[in-house]
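Colleague: Just dropping this structure here.
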Amino acid sequence: MADIDWEDAYCAEGASCYRIGVDADGNSYIAVAGREDAPLTDTREALSALIRDIKAGKADHLLDGV
C-alpha cells in the first residue's frame, strides 16, 4: 500500500470517526478510524470535489431527521 499521510480523525459523538489522507502519487483516501487498511480510494481532485460539494450543502439531505 502507498505511504499515506493521514489527517487526524474527524469524530462525531460516540465512535463515528473518519480519517482522510493523501499520498505522493495524487491519490486520496477516506477510512473509518482504526480501519485505515481498507480505505475508499480516489484522486485528490475527486476528494476536493467531494469536500466542495459537502461545503456547498449538496449532502445536507443525508442529515434530514438527524
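Colleague: For the pair L50 and A38, how long in nm is the line joining their label points, each one 7 Å along Cα→Cβ?
Modeller: It works out to 1.6 nm between the two label points.
Colleague: Same structure again: Using just the helices of the chain, give the 222 nm mean residue ellipticity in deg cm²/dmol: DSSP H runs with n ≥ 4 each add -39,500 (n - 2.57), and the total is spread over all residues, rounded to 500.
Modeller: It lands at -5500 deg cm²/dmol.
Colleague: Here is a further query. Given [x] -0.46, -0.58, -0.78, -1.17; [y] -0.31, -0.42, -0.72, -1.26; [z] -0.34, -0.46, -0.81, -1.26 as candidate values of log10 I(q)/I(0) by the Debye sum over Cα atoms at q = 0.12, 0.14, 0.19, 0.29 Å⁻¹, which corresponds to the one derived from the coordinates?
Modeller: Structure-derived value, by its label: [z].
Colleague: Using only alpha carbon pairs under 8 Å that are at least six residues apart, calculate the relative contact order of the chain and give it in whole percent.
Modeller: On the way: 77 pairs, mean separation 12.9, N = 66.
RCO, the chain: 20 percent.
Colleague: Tell me, what is the per residue accessible area of the chain in Å², probe radius 1.4 Å?
Modeller: Details: 5050 Å² over 66 residues.
On a per-residue basis, the chain sits at 76 Å².
Colleague: Helix 44-55: angle to the longest alpha-carbon principal axis of the chain, degrees 0 to 90, nearest 10?
Modeller: That works out to roughly 20 degrees.
Colleague: Okay, moving on. Counting other Cβ atoms within 10 Å, which GluC sites (Glu not before Pro) in region 7-63 have at most 16 and lie in a DSSP loop?
Modeller: On the way: sites: E7, E13, E36, E45; in loops: E7, E13, E36.
Those that pass, being in a loop and sparsely packed, are E7, E13, E36.
Colleague: Report the extension gain between L63 and S16 in nm, rounded to one decimal, defined as 0.36 nm multiplied by the number of residues separating them, less their alpha carbon distance. Please report the intermediate quantities before stating the final value.
Modeller: On the way: separation 47, 0.36 × 47 = 16.92 nm, distance 1.45 nm.
Gain on extension, L63 to S16, equals 15.5 nm.
Colleague: Moving on to the next point. How large is the charge dipole for the chain, taken about the Cα centre, if only the Cβ atoms of Lys, Arg (+1) and Asp, Glu (-1) carry charge, to the nearest 20 debye? Don't skip to the answer; put the middle values down first.
Modeller: Details: 6 positive and 14 negative charges, 48 e Å.
Using Cβ point charges on Lys, Arg, Asp and Glu, the chain gives about 240 debye.
The values are calculated or read from the model by the stated rules, or taken from the named source; none is laboratory data. Source: prediction; values computed, not measured. We place every Cβ from the backbone using ideal geometry, glycine too, and count neighbours over all the protein chains shown. Just so you know, the surface numbers come from the protein's heavy atoms only, side chains and all, with ligands and any DNA or RNA stripped out. Shrake-Rupley method; radii C 1.70, N 1.55, O 1.52, S 1.80 Å.
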